[in-house]
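Taking it in order: structure first as structure tokens, then the write-up.
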Amino acid sequence: MMPSGMPESEAIERAKSGDGQCFEALYTMHKRRVYSLCLRMTGNTAEAEDLTQEAFLQLYRKIATFRGESAFSTWLHRLAVNVVLMHLRKKGLPEVSLQETLEPAEEDGPKKDFGSQDQVLAGSIDRVNLERAIESLPPGYRIIFVLHDIEGYEHNEIAEMMGCSIGNSKSQLHKARMKLRDLLKITRAERAASKR
Amino acid sequence: MKTGHELIVENGQESIAAAAHNAGRHIQMNCAEFQRDLPLIIDTGGTEHQEAHLRTCAVCRDLVSDLRYIAEQAKLLIPMLEPSPKVWEGIEEKLKSEGLVKPVRARNT
């Protein structure tokens, strides 16, 4: 909630002029989404908190450049994604994972599933199990899965942000979903038993 | 008169679907062929030929269903996670130290 029921657009304008209370109100409104994004992309609470802090500091420094061409939440979200990707690039994780996908002998590819005919998803997935499974994905898979399937970015946007090809983004996403299925599945017999 | 298969070889085409069409009969796609196009099938739906494979193959049917379900469930993961109060405290401290903002009362605890 903005101060005294103030519209978000006014709070943004005031924050541009250095109004700390309005900036705090913007933080309060958007902190969950930014923190959740950071946590899902990194899988690490301490890193996610540092990156959330960095994203809002950058927001404060750059808010004067916000012209309202897109929704403020979209603009802030993109800023936060870039903060996380910059951090991960410094750690070297995405590059390694992207390179791995180019290797033909990768064991997480779709062909692995030909023989696993007795494995299916464990009925409905609860949120906690899905979050845990996402957290355990290799970083390259996790980032693209989070950006595409959770945050709703298109492959061309991800390719631009990640500095990879659209095909690579699609390939990573597919492998991420396959890996998640591996992590969440049980045998057909177990699922049948759980339905009885 | 040339058969469908001969025409395909003559034209250098290797498509199984085209071969089936030209020969006037239906050749069942196998799992390897189906799963080769899986990412496209998941996101945009399959061709008639791929749909025919799905109707007869429980393994691929479960696979497609599971992968679509995972994608659907991911979209429902709303941002419920709350950062600790120290995140805002850190932001406020940094902004104050840089002289960028007047002190504000910490309400995000």
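The values are calculated or read from the model by the stated rules, or taken from the named source; none is laboratory data. Since we're looking at a predicted model, the values are computed, not measured. Backbone-built Cβ (ideal geometry, glycine too); neighbour counts: all protein chains shown.
Is it the case, given these coordinates, that A:GLU100 is at pLDDT below 90, out of contact with any Ser or Thr (no Cβ under 6 Å at 6 or more places or on another chain) and in a loop (DSSP other than H, G, I, E, B)? Please lay out each step first, then the result.
Values: at pLDDT below 90: yes; out of contact with any Ser or Thr (no Cβ under 6 Å at 6 or more places or on another chain): yes; in a loop (DSSP other than H, G, I, E, B): no.
Criteria not met by A:GLU100.
Which residue pairs have Cβ atoms under 7 Å apart, sit 6 or more places apart or on different chains, and have a first residue in the range B:69-96 that is more than 7 Å from chain A (Cβ to nearest Cβ) and a second that is assigned to a loop (DSSP other than H, G, I, E, B) and of a type in the set (Ser, Thr, Tyr)?
Every condition considered, the pairs that remain are B:PRO85/B:THR109.
Looking only at the range A:38-57, how many residues end up being more than 7 Å from chain B (Cβ to nearest Cβ) and either closer than 21 Å to A:ASP149 by Cα or of a type outside the set (Gly, Ala, Ser) (or both)?
Of the residues in the range A:38-57, 12 are more than 7 Å from chain B (Cβ to nearest Cβ) and either closer than 21 Å to A:ASP149 by Cα or of a type outside the set (Gly, Ala, Ser) (or both).
Only residues that are surrounded by fewer than 21 Cβ atoms within 10 Å (Cβ to Cβ), more than 12 Å from chain B (Cβ to nearest Cβ) and not β-branched (Val, Ile, Thr): list them for the range A:63-82, please.
Listed by number, the residues that qualify are A:PHE66, A:ARG67, A:GLY68, A:GLU69, A:SER70, A:ALA71, A:PHE72, A:TRP75, A:ARG78, A:LEU79, A:ASN82.
Against the conditions (1) assigned to a loop (DSSP other than H, G, I, E, B); (2) at pLDDT 90 or above; (3) of a type in the set (Val, Ile, Thr), where does B:VAL101 fall short? Just the number, please.
(2)
Could you tell me whether the range B:76-98 includes any residue that is surrounded by fewer than 17 Cβ atoms within 10 Å (Cβ to Cβ), among the polar types (S, T, N, Q), assigned by TED's automatic domain parsing to the domain that holds B:GLN28 and assigned to a helix (DSSP H, G or I)? Even if it seems obvious, please write down each step before you answer.
Quick first cut of the range B:76-98, residues surrounded by fewer than 17 Cβ atoms within 10 Å (Cβ to Cβ) only: B:76, B:78, B:80, B:82, B:84-86, B:89, B:93-94, B:96-98.
Among the residues that remain, those that are also among the polar types (S, T, N, Q) are: B:84, B:97.
Adding the requirement that they be assigned by TED's automatic domain parsing to the domain that holds B:GLN28 leaves none.
Checked the range B:76-98: no residue is surrounded by fewer than 17 Cβ atoms within 10 Å (Cβ to Cβ), among the polar types (S, T, N, Q), assigned by TED's automatic domain parsing to the domain that holds B:GLN28 and assigned to a helix (DSSP H, G or I).
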